[in-house]
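> Got a structure for you, written out below as structure tokens; questions coming shortly.
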Amino acid sequence: MGAATKEPDTRGECGESDAVMDTGRQSLWQEEPAARPRMADPVRTAAVRAVIIVAITLIQAMVAFLCTLASSWFAFPAVLGTVASTVVATWGVLDVWVTRQVWVQRNGVRSQPSSTARELRRERRRARRQQRRESREGPSRVDRAAA
């Protein structure tokens with residue numbers, strides 16, 4: 001038990017050595033790039049606010065339902081509060097949508113410079129410019145009028 005040097009434990013999942021049994025499996029955790037960019041700060045703030053409001057509304061609805069089942073005096077005020085909260089929650093969700101639309105309109109959508117579509121547009125533009133240059137240098141104006 002009292003070994004002078006400690007060797008790192010190289011055993012795999014079932015106790016066998018990794019050097020002996022290399023299965024070629026990928027590791028359990030791999031970092032991958034995000035599928036889409038992070039939300040803008042104002043949009044994220046509105047989304048967090050909407051989630052909190054919707055959660056509170058759901059809790060109020062559950063309280064109103066349970067108070068109604070129990071025939072409690074608190075059932076009527078709870079239902080009124082739930083109706084008001086539903087209106088506010090609807091506003092909160094719409095606020096996220098409007099905030100996102102406003103942010104996109106003000107700041108635009110960032111496209112990648114290496115976009116395939118952009119490169120194709122550049123090539124078409126170059127081809128049109130080249131055709132215009134060639135048509136200017138080519139036939140005379142008299143030939144164009146006759147055609």
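> Evaluate the relative contact order of region 25-120 (contact order divided by residue number), counting alpha-carbon pairs under 8 angstrom at least 6 apart; express in whole percent. Intermediate results must be reported in sequence, preceding the final value.
Details: 52 pairs, mean separation 32.1, N = 96.
Contact order relative to length: 33 percent.
> Report Rg(Cα)/(2.2 N^0.38 Å) for region 27-88, keeping two decimals.
1.79
Each reported figure results from applying straightforward, stated rules to the coordinates on display, with no laboratory input. Note that this is a predicted model, so its numbers are computed, not measured.
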